[in-house]
């Protein structure tokens, strides 16, 4: 389970492109932020991915990534040019390979490192996909294979890319869109792999004489109920604020708890913000919102589990990633922000409603101050503006970490 959404200029209140994503992974699968600088690479070098290696390119972009701690690629990421990408697991009538290859999260990072905008990123991803296919175990403590879809956004617009094996389709986003763990592209798409229908016929899942619809032909109808609910709920919330959407609206959507109908064999009902130990898959382990204006890209990250108890904090990659403790791993670590917040979340979940409301009110007020400060933060054009922007961002993080530590102390002392 994951949810990714985007709104274009006509749907937002200041003409920005806004991107958002909840990264849903296994319960207690820690995720961390990484800022990788731009680099040049020797001729003939290779880059090691999660399971395999491929040819490296001469130069790679600086990238900011939200990564499951054991994976080379990322669930969410952005680069220095204002390109942002989030991925979703897709389930198809064609079984996904779990043999070690290139996984969707690796493709996401490769595109950010090698492309400057949405169109170039799609070219990078689809070219590599045709060469290498996709495969590898994407589960942390269990075996899980899946195909992938993506929303790619930059300050000019956004598109959806959906893939199965080496096949792919692309559809531009007109105003706003959300994707989840169900295919969304049907008979109309902007571009596709040249062998799309041939592969469907080989697999005996295409029907002669019927208009070709990517979702109907390739999608596994038994694995889409949760995705359809969450996508529908996200689209409804986007529509409510159409023309006025702001980053704070995306925070609210990613925190949404409205549940869908019960699902067979599931202990929990589907919802956008997910965090219950009864469902070992589909926990929201990181969240991210990006506002993309020409020459100003602000990334709002939690770096923590469960957005409903998390604080969105700003990052300007050009100004660096604020220090926030050691990288989390598979084991609980009281020095790690991710693991400390998991303890805070559990404590808040077990507390009374008044205390949770008090926490949320203080958190929301703090986020509102951060949003105001970042609106007034200068675009980075030289060393002086970089230092000033870095000071503002560091101040936000310092206050955010103090807020979480103070609330955690109420439960552990």
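The values are calculated or read from the model by the stated rules, or taken from the named source; none is laboratory data. Being a predicted model, the structure only gives us computed values, none of them experimental. Cβ sites come from the backbone with ideal geometry, for glycine too, and all protein chains shown count toward neighbours.
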### Task
Determine which single condition residue 75 fails, assuming it passes every other condition in (1) more than 22 Å from residue 21 (Cα to Cα); (2) at pLDDT 95 or above.
(1)
### Message
Tell me whether segment 277-292 contains one or more residues that are in contact (Cβ under 8 Å) with a residue 12 or more places away in the chain, touching a helix residue (DSSP H, G or I) at 6+ places or on another chain (Cβ under 7 Å) and farther than 22 Å from residue 35 by Cβ.
### Response
no
### Residue check, residue 86 buried (at least 24 other Cβ atoms within 10 Å of the Cβ) and either part of a strand (DSSP E or B) or modelled with pLDDT under 95 (or both)
yes
### Task
Quick one: which residue in 261, 248 is surrounded by fewer than 14 Cβ atoms within 10 Å (Cβ to Cβ), at negative phi and touching a helix residue (DSSP H, G or I) at 6+ places or on another chain (Cβ under 9 Å)?
261
### Message
With the structure loaded, tell me whether residue 401 is at pLDDT 95 or above, assigned to a helix (DSSP H, G or I), closer than 18 Å to residue 304 by Cβ and out of contact with any strand residue (DSSP E or B) (no Cβ under 9 Å at 6 or more places or on another chain) or whether it fails that test.
### Response
no
### Query
Can you name the number of the only condition in (1) farther than 20 Å from residue 67 by Cβ; (2) without any contact (Cβ under 8 Å) to a residue 24 or more places away in the chain; (3) part of a loop (DSSP other than H, G, I, E, B) that residue 354 fails?
(3)
### Summary
residue 88 vs (1) free of Cβ contacts under 8 Å to residues at least 40 places away in the same chain; (2) touching a strand residue (DSSP E or B) at 6+ places or on another chain (Cβ under 7 Å); (3) farther than 28 Å from residue 320 by Cβ: all pass except (1)
#### Entry: Residue under evaluation residue 379, criteria (1) at pLDDT 95 or above; (2) in contact with a strand residue (DSSP E or B) (Cβ under 8 Å, 6 or more places away or on another chain); (3) within 23 Å of residue 294 (Cα to Cα), criterion not met
(1)
